[in-house]
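The values are calculated or read from the model by the stated rules, or taken from the named source; none is laboratory data. Since the structure is predicted, the reported quantities are computational estimates derived from the model, not experimental observations. Here Cβ is always computed from backbone atoms with ideal geometry, including for glycine, and neighbour counts include all displayed protein chains. Accessible surface is based on the protein model in full, side chains and every heavy atom, while ligands, DNA and RNA are left aside. Shrake-Rupley method; radii C 1.70, N 1.55, O 1.52, S 1.80 Å.
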Amino acid sequence: MAIFQTQFEEIKELLKYGDFSLLTKRIIDLTLDTEKISFYKKTINLLDWLDVQTGNVEEKKAYYSAILDDLYNELISKSTTSDDRTHLLSVYNLIKSYKKSSFTLGPISLEISSGEIIGLVGENGNGKTTLLRSLCGELHYTSGKIDYKFPYNDRFDLRSKLIYIPQRTPSWQGSLLSNLRFTASSYGIVGEENILIVELIIARMGLRKYRGYNWKDLSSGYKMRSELARALLRKPKLLLIDEPLANLDILAQQIVLDDFRDITRSPFRPLGIILSSQQLYEVEKASDSVIFLKEGMPRNLIQDTDTTYIEVSKFIIEFESAWSKEQLNNVFSHLGLEKLQINGGTYVASFPDKVNQQSFLKTILENEIPLTYYRNISNSTRRFFLS
């Protein structure tokens, strides 16, 4: 129960500081964990009340507190998954080549467990979508091995538990609400349970006021959210998501990534996520590990053996300054500057791994170098976009 206890304490902190928006999402998560209609109804009553309440903070806190107490008492006795992560997928030396193209993906080896997020980053045309489609079985890979570690009965059952969401989602007819109810019924969720669970999932994905919208009326970002809602109704083990942050503003990107983190780390319904994106820094903050693809290969690592990769160590700083490249070269030479690049007014300086942030910043201060931006990218895949 350690995972649940820790997460519940974090949720109580949200109540303490009045973060009602995030608190509502986490209450929905806990409500779905109960798998009981009586709790579904209580939380939907809360959502309906929030639609009309006038903003009395103390009244809100009292309502939320009562629901949290009920949820805790229900879930504390419910058996959780092991605190250890469950292995979901192993990929060994995967290669996908094409007869009429010079492009080849791989070899790539990776593993993912429940509760983990793996980010795929890289410029367009470098194999991110090819990898995702290979993992879900849409593309037949040329060689290597994909081992799905979770149980499944047949190909249909596999694709119910391993769900691929493309960047361009297919259109559908009718309202968002009717479509999600149909999806739920297709997976055995019927009657009153169907109505209640769909309402909770819609609210969880921030779609409550868009329930009656048709596909053509939704923005690209909300179409992606609707596909995520559809996927969650199927209780997946692994989600493969292609460019979920495309067409979202920076705030919406952060909200979606926070949602991913919360969903993957449920103590009762954990899952794994592999997502591709060009939003490098945002993905890195949300992911447990990141794979940088360049020309089909994981270029952030060098191969030590057939299956083992080791990291190349450097101290790399990205910054902006009014000083010229010559001035900066002269000042940083005593730190053993190996390379100084400039692109669009942004410098990237590479040093031996014995250099650290303290020595770099000390040099900045001693020489009064004006900085308008600074980021340590030594452990960021941003450094692999550089020439």
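In table form, for the structure just shown:
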read-out: Relative contact order, percent, region 216-300 [alpha-carbon distance under 8 Å, six or more residues apart]; value: 29
read-out: Cα-based helix-to-principal-axis angle, 2-16 vs the chain, degrees rounded to 10; value: 90
read-out: Read-out Rg and Dmax of the Cα atoms in Å, derived from the coordinates shown; its label in (1) 22.8, 97; (2) 31.4, 98; (3) 23.9, 73; value: (3)
read-out: Solvent exposure of the chain as accessible area per residue, Å², 1.4 Å probe; value: 49
read-out: Between 0 and 90°, nearest 10: helix 357-366 axis offset from the chain longest Cα axis; value: 60
read-out: Largest-first ordering by accessible area, 1.4 Å probe, given options H334, H140; value: H140, H334
read-out: Cβ-based charge dipole, the chain, positive-most Cα from L245, F315, I67; value: L245
read-out: Ordering of 239-250, 167-178 by packing [mean C-beta count within 10 Å, highest first]; value: 239-250, 167-178
read-out: Those lysines that a straight Cα-Cα span of less than 21 Å connects to K96, excepting residues fewer than 8 apart in one chain; value: K128, K145, K294
read-out: Of all DSSP beta bridges in the chain, antiparallel share, percent nearest 5; value: 65
read-out: Trypsin sites (Lys or Arg not before Pro) within region 45-114, DSSP loop, no more than 15 other Cβ atoms inside 10 Å; value: K78, K99, K100
read-out: 23 Å Cα-Cα reach of K216 towards lysines, excluding residues that sit fewer than 8 places from it in its own chain; value: none
read-out: Efficiency of FRET between K339 and K235 - r from beta-carbon atoms, R0 45 angstrom, step 0.05; value: 0.35
read-out: Accessible-area composition of the chain, carbon plus sulfur, in percent [1.4 Å probe]; value: 48
read-out: Sites T363 and D249 - FRET efficiency at Förster radius 51 Å, r taken between beta-carbons, to 0.05; value: 0.90
read-out: Out-of-range pairs (alpha-carbon distance over 21 Å; input K25/K149; K325/K362; K209/K235; K25/K223; K61/K223); value: K25/K149; K209/K235; K61/K223
read-out: Crossing angle, helix 57-75 versus the chain [Cα axis fit, 0-90 degrees, rounded to tens]; value: 80
read-out: Reachable aspartates and glutamates from K285, criterion Cα separation under 15 angstrom, eight or more residues apart if same chain; value: E116, D258, D259, D262
read-out: Of the GluC sites (Glu not before Pro) in region 1-92, those whose Cβ has at most 14 other Cβ within 10 Å and which sit in DSSP loop; value: E35
read-out: Region 1-49: trypsin sites (Lys or Arg not before Pro) in DSSP coil with no more than 15 other Cβ atoms inside 10 Å; value: K36
